[in-house]
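The values are calculated or read from the model by the stated rules, or taken from the named source; none is laboratory data. Predicted model, so just to flag it, every value in this text is computed and none were measured. No Cβ is skipped: glycine too gets one built from the backbone with ideal geometry, and neighbour counts run over all protein chains shown. For the accessible areas, the whole protein counts, side chains as well, though only heavy atoms, and no ligand, DNA or RNA atoms are used. Shrake-Rupley method; radii C 1.70, N 1.55, O 1.52, S 1.80 Å.
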Amino acid sequence: MSTTPENPGDSDWAAYEPTQVGVPKPDPGYWQSQYVPPPLPPVVPPAPYGPSYPYPGQQFGVRAQGSPPQTGQTSSLVALVFGGILTVSCYGTLVGIAPLVLGIVGFTKANSVARLWYAGRAAEAADAAESSKKAAMWAWISLGIGVVLAVIAVVLVIAWAINSDSTPDPVYTYTYEMPA
């Protein structure tokens, strides 16, 4: 009896011979379906004038002419970054919260302007652009107020530290009287 496959005639290795493997091959027609689906309808590309359905209050196929109004997106983004940096810093947390929140509001408003404009809602796009600019402006104003208040607080702390000197007065002398 052999323990290696060199002698494939042994009964131990009979299951491993290629001639002993009996996997039936399927009938070629068995796996193929006789059903043929109908052809799909032709693909119609979308209209170049916007969506194929009107938004509420929009005429079908009507778009605003020209380019969308200017937004405060860049200013909001920069205020958002400064506010975020100040918020995660150790001493500027209170200074950075308002610019961070107002920067996020201005940035999201600015991102909705183009969508509204190309949907034919020009008045709403103009309102969103104006509110984006206002949010960016107030983000910068709040950042400036916060920095000014932080500088004032630092100056007051330094002035307090200088004036609260705890060293004894060198002119003062202490006399001790012996009890009688």
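Assorted remarks:
- Selection status of Leu116, within 30 Å of Ala153 (Cβ to Cβ) and of a type outside the set (S, T, N, Q): no
- Selection over the stretch 81-96 of residues that are open to solvent by 40 Å² or more (accessible area, probe 1.4 Å), of a type in the set (Val, Ile, Thr) and at pLDDT below 90 gives a count of 2.
- In the stretch 98-130, residue nearest to Gln73 (Cα to Cα) [restricted to those that are open to solvent by 80 Å² or more (accessible area, probe 1.4 Å) and over 15 Å from the mean Cα position of the chain (by Cα)]: Glu130
- Residue in the stretch 135-151 that is touching a Pro at 6+ places or on another chain (Cβ under 8 Å), open to solvent by 40 Å² or more (accessible area, probe 1.4 Å), under 30 Å from Pro69 (Cα atoms) and at pLDDT 90 or above present: yes
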